[in-house]
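Only one structure is covered here, and it is reproduced in the block below.
The values are calculated or read from the model by the stated rules, or taken from the named source; none is laboratory data. Computed from a prediction, not measured in an experiment: that's the story for all the values here. Backbone-built Cβ (ideal geometry, glycine too); neighbour counts: all protein chains shown.
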Amino acid sequence: MKLQFLGTGAGIPAKSRNVTAIALKLLEEKGSIWLFDCGEATQHQILHTSIKPRRVEKVFITHLHGDHIYGLPGFLSSRSFQGGETPLTVYGPKGIRDYIQTSLAVSQTYLKYELRVVEIEEGVIFEDDDFMVEAKILEHGVTSFGYRVIEKDRPGKLDTVKLLEYGIKPGPIYKKIKDGEDLKLDDGTVISSQTFLGPNIKGRIITILGDTRTCNAAEVLAKEAKILVHEATFSEKEASIATEYYHSTTVQAAETAKRANVDCLLLTHISARYDQSLTIQLLREARGIFPNTYIAEDFSEFDI
């Protein structure tokens, strides 16, 4: 899995930072990509990456402020022209369906694929054999969700040496054992598949938050996460402004990461008031609390 940031700015596009959009690449795990938010010109940002719009199968919208949704109608439309024929599901707060339907209807846009829109509430909003996604409401001026993506534990490594000791040669049977099917020998003896599998591989957790003040829901969503993506619109010197506008500072984000015992903190949604030199100061503030912190830049990519 990889995270690639398509936009890392707050409020309005800036020369160095476009507005919010994040791609979670599940190409090895599921062969697909999930988008988190879709700010203005997200489709333009995608042109500078290896991302194929037809690979995007889910879009998770955190909240309905323009810098998180203005790029959605254009992206949905362009996906049709770029070979996207498989279904796509958009998850988001109440109102996202009206926004999409009105935008597409007024512009007379017709999609070649099935578009599903799910207006979510708190709880598990998606689950399949490989992943589960939980959502919680954060503390912002409008309903703003945070998402916890949980990769389910995977079977351990196959012990091919032990299989060969039992006279089992490579073939389709190896996959069946990996999938948990017990092995039946020629003499009728049944051997548990666990005999040939190492310990389960613990699934990873990725937490991506929408705009928010410091709140308990953010910490719950981030608990033991491999990566926490947290907004850091303001520096600690402007904590009062952050509180007034329902945003977070670098230090507040770092404190949440520390309390939640995450592995890595990625800061995004940076105000345009901070140029490159001031951004370095933002990073120092956060690392003073939580050392394994990075500030995301447009197009930066992180392995998970």
Worksheet item: With respect to the numbered conditions (1) closer than 19 Å to residue 34 by Cα; (2) of a type in the set (S, T, N, Q); (3) touching a helix residue (DSSP H, G or I) at 6+ places or on another chain (Cβ under 9 Å), which one is the sole condition not fulfilled by residue 89?
Response: (3)
Discussion item. One residue is enough: does segment 22-34 have a residue meeting the conditions closer than 14 Å to residue 71 by Cβ, buried (at least 23 other Cβ atoms within 10 Å of the Cβ) and aromatic (Phe, Trp, Tyr)?
Written reply: no
Discussion item. Among (1) over 20 Å from residue 210 (Cα atoms); (2) not in a loop (DSSP other than H, G, I, E, B), there is one condition residue 58 misses while meeting the rest; what is its number?
Written reply: (1)
Discussion item. Can you tell me which residue is farthest from the chain's Cα centre (by Cα) among those in segment 219-245 that are touching a residue at least 40 places away in the same chain (Cβ under 8 Å) and under 16 Å from residue 270 (Cβ atoms)?
Written reply: 236
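Is it true that residue 218 is surrounded by 18 or more Cβ atoms within 10 Å (Cβ to Cβ), aliphatic (A, V, I, L, M) and in a helix (DSSP H, G or I)?
Yes, satisfied.
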Worksheet item: Is there any pair linking a residue in segment 192-215 that is free of Cβ contacts under 8 Å to residues at least 40 places away in the same chain to one that is in a loop (DSSP other than H, G, I, E, B) and not charged (D, E, K, R), with Cβ under 8 Å and at least six apart or on different chains, and which?
Response: 193/180
Response to the item:
Selection over segment 61-87 where residues are more than 28 Å from residue 140 (Cα to Cα) and in a helix (DSSP H, G or I) yields a count of 5
Item to complete: Please indicate, with yes or no, whether at least one residue in segment 131-150 is farther than 30 Å from residue 236 by Cα, touching a residue at least 40 places away in the same chain (Cβ under 8 Å), assigned by TED's automatic domain parsing to the domain that holds residue 76 and in a loop (DSSP other than H, G, I, E, B).
Response: no
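Return the residue satisfying two criteria in turn: it lies in segment 276-304 and is without any contact (Cβ under 8 Å) to a residue 12 or more places away in the chain and either assigned to a loop (DSSP other than H, G, I, E, B) or not charged (D, E, K, R) (or both), and of such residues it is farthest from residue 213 (Cα to Cα).
Looking at residues that are without any contact (Cβ under 8 Å) to a residue 12 or more places away in the chain and either assigned to a loop (DSSP other than H, G, I, E, B) or not charged (D, E, K, R) (or both), I get 277.
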Worksheet item: Exactly one of (1) part of a loop (DSSP other than H, G, I, E, B); (2) surrounded by 15 or more Cβ atoms within 10 Å (Cβ to Cβ) is unmet by residue 273. Its number?
Response: (2)
